[in-house]
1. Order these by the 10 Å Cβ neighbour count, fewest first: VAL156, VAL40.
2. Calculate how large, on average over all directions, the projected area of the Cα convex hull of the chain is; give the answer in nm² to one decimal.
3. Loop only by DSSP, 11 or fewer other Cβ within 10 Å of the Cβ. Give me the trypsin sites (Lys or Arg not before Pro) in the range 1-86 that pass, ordered by residue number.
4. Counting only the backbone N, which residues of the range 5-45 are under 20 Å from the spot 7 Å out from the Cα of TYR132 toward its beta-carbon?
5. Rounded to the nearest Å, what's the spacing between the alpha carbon centres of the range 84-161 and the range 23-45? Just the number, please.
6. Which chymotrypsin sites (Phe, Trp or Tyr not before Pro) in the range 48-91 pass both tests, a DSSP loop state and at most 12 other beta-carbon atoms within 10 Å?
7. Calculate the FRET efficiency for LYS28 and ILE68 from the Cβ-Cβ distance with a Förster distance of 30 Å, rounded to the nearest 0.05.
Amino acid sequence: MKKEKLLPVALTAFAVAADQISKAFIVKNWPADNTFIADVFGNDFLWIYHVRNKAIAFSLGHNLPDWIKPVLFILLPAAVLIFLLVHYFKSDEFSPLQRWALAGILGGGFGNLIDRIFRRNGVVDFISVKLYGFLGFERWPTFNFADSFVVVFGIVLLFTVFFKTDAKKSQTQR
């Protein structure tokens, strides 16, 4: 196995470890009843606010029947993560930056999947950021480190795809 493929997997491991350690700390030290908020900077911008999410992003699907939730929230994401992991190692099409981005996405995905499988009360979310009315939100929906890895590295991956496409277009126009 080539170093270019193995090294970014360290980011995957780091993402899972950071996510699970932070969640274990929150579960141990913050009650999950939404009454204890730690205002980190004292200016209402960043709160530590322990909530549980038994659905997916933004609590989508919380009203679905209980029998379908394991399929949609555990089996489907597990299949997607396994597909991405296999494709990551089999494909030579990814640039180095795309490999790192995919590794970050995988780490975040596995971090939340671990919660869905092993935490019966739902995924631990604890970061609440004030948006001051931006996009119609006073506060962004509460999230965790795994969510951050998926979003940030997903954006990086999208940018690399767009710039790669633009580079190909400009070469064909010459």
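1. Fewest-to-most ranking of VAL156, VAL40: VAL40, VAL156.
2. On the way: hull surface 53.5 nm².
Across all orientations, the chain yields a mean hull projection of 13.4 nm².
3. Hits after loop and neighbour filter: LYS2.
4. Within reach of a label on TYR132: 39-45.
5. First find each Cα centre; the distance between them is then 21 Å.
6. Taking the range 48-91 and a limit of 12 other Cβ atoms within 10 Å, the loop chymotrypsin sites (Phe, Trp or Tyr not before Pro) found are TRP67.
7. 0.40
All of the numbers you see were taken from the coordinates with simple rules; none came from a lab. Everything quoted here is computed from the prediction, not taken from an experiment. Positions of Cβ are backbone-derived with ideal geometry, glycine not excepted, and every protein chain shown enters the neighbour counts.
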